[in-house]
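What follows is a short report on a single structure.
The values are calculated or read from the model by the stated rules, or taken from the named source; none is laboratory data. Just so it is clear, the structure is predicted and the values come from calculations on it, not from any experiment. Quick reminder, even Gly has a Cβ in these numbers, built from the backbone with ideal geometry, and neighbours come from all protein chains shown.
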Amino acid sequence: MSALIASSLAQPAPPSFHLGTIPVYGEAILAPMDGFSDLPFRSLCRSFGSALSYTPFVNAMEVLARNPRTERLLAFDEAERPVVYQLFDSDEDRLLRAAQAVLAHRPDVLDINMGCSVRCVSGRGAGAGLLRDPRKVARLIATLSRALPVPVTAKIRLGWDAGSRNYLDVARAVAENGGALIAIHARTREHGYTGL
């Protein structure tokens, strides 16, 4: 085989896309899912081609309180990179401080959960509760994107309920304020995890 052919065959495939400057190889991405996205499951999914590894979502208040359980949820294997940490909160300042704290673990990307429909999360304005206020989403993403050295992304839903399917407004708020990627859970908060 000629040297030219051999060198062209040795070239790695180009990335499918970039998150900021981070190349992402592959087109299948394991959705961020609390209760499922632990290290063994992520490693298994990576072996089947998942291009990104999302850790389970963690409460910003627990990060700041240095909860040992939270530390375990943030553990990852270097082979998983790029790794996405997912945080949730409704308070902009607390979310920023928690994001800055988890940077010590060197995640590649920081994701804000705007999709959790569980009442104890969305009822306090976090998770899917943020969908009710696209202007707050815009401020939050702008603050984090300016302050953090890693790409900031968001997981959203179609809206709060059937009467407020505002995913385009929320997606625009994320995209226009520095968000690098948007994952959409194609149900409203009202649907929870039931069928449509």
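Quick check, is residue 109 surrounded by 14 or more Cβ atoms within 10 Å (Cβ to Cβ) and over 27 Å from residue 71 (Cβ atoms)? No: the conditions fail for residue 109. Contact annotation: residue pairs with Cβ atoms under 7 Å, 6 or more positions apart or on different chains, pairing a residue in region 35-58 that is within 21 Å of residue 22 (Cβ to Cβ) with a partner that is in a helix (DSSP H, G or I) and among the acidic types (Asp, Glu), are 42/80; 43/80; 46/80; 53/80. Say we look at region 21-75 and pick out the residues that are of a type in the set (Asp, Glu) and part of a loop (DSSP other than H, G, I, E, B); which of these is nearest to residue 113 (Cα to Cα)? Within region 21-75, the match that is nearest to residue 113 (Cα to Cα) is 34. Taking region 146-176 as the region of interest, how many residues are crowded, with 19+ Cβ neighbours inside 10 Å and not basic (Lys, Arg)? So the answer is 14.
Against the criterion of being at pLDDT below 90, under 15 Å from the mean Cα position of the chain (by Cα) and within 21 Å of residue 76 (Cα to Cα), residue 31 qualifies.
With 26, 115 as the choices, which residue is surrounded by 14 or more Cβ atoms within 10 Å (Cβ to Cβ) and in contact with a His (Cβ under 7 Å, 6 or more places away or on another chain)? Can you show your working first?
Values: 26 fails: in contact with a His (Cβ under 7 Å, 6 or more places away or on another chain).
None of the other options fit; the residue is 115.
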